[in-house]
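Beneath this line is the structure, given in structure tokens, with notes to follow.
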Amino acid sequence: MEHPIYRVVACEIVGPYLVRVDFDDNSSQVIDFEPILEGQLYGPLRDIAVFNQVRIDPEVHTLAWPNGADFDPATLHDWPRYVEDMKAMAKRWALAATPESRDS
């Protein structure tokens with residue numbers, strides 16, 4: 001079974017934590033990343049100055065940040081399908097980062 005491969009061809013910050021992402025199939029998504037900015041990798045992106053450093057990685061053609069955070073371009077392309085799962089993962093990441101969870 002073949003899976004479509006998408007490439008991010010453009011991105012634009014359109015609001016706080018909101019990015020319009022354009023793909024090579026001429027589709028686009030406006031993604032609100034704020035609900036998933038938790039944990040060691042994505043938590044630092046809550047600093048809007050860091051978040052706003054988003055760029056397109058020229059090798060893998062997806063959104064990437066200087067701290068190494070990135071997303072699978074297929075996930076970005078089909079964001080409405082994945083957003084609830086991503087929010088659930090972010091809650092787990094946030095819990096893992098709390099001192100109480102480390103003491104258990």
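Observations
- Three semi-axes describe the equivalent ellipsoid of segment 8-98; taken as square roots of 5 times the Cα gyration tensor eigenvalues and ordered largest first, they are 21, 15, 12 Å.
- Every helix of 4 or more DSSP H residues in the chain counts as -39500 (n - 2.57), and over all residues that averages to -9000 deg cm²/dmol at 222 nm.
- Label-to-label distance, ALA49 versus GLU34, with points set 7 angstrom from Cα along the beta-carbon direction: 2.0 nm.
- When +1 charges are put on Lys and Arg Cβ atoms and -1 charges on Asp and Glu Cβ atoms, the dipole computed for segment 8-98 relative to its Cα centre reaches about 380 debye.
- Helix axis angle, 79-96 relative to the chain longest principal axis, alpha carbon, degrees: 20 degrees
All of the numbers you see were taken from the coordinates with simple rules; none came from a lab. As the structure is a prediction and not an experimental result, all values here were calculated from the model. Glycine also receives a Cβ, built like all others from the backbone with ideal geometry; neighbour counts cover every protein chain displayed.
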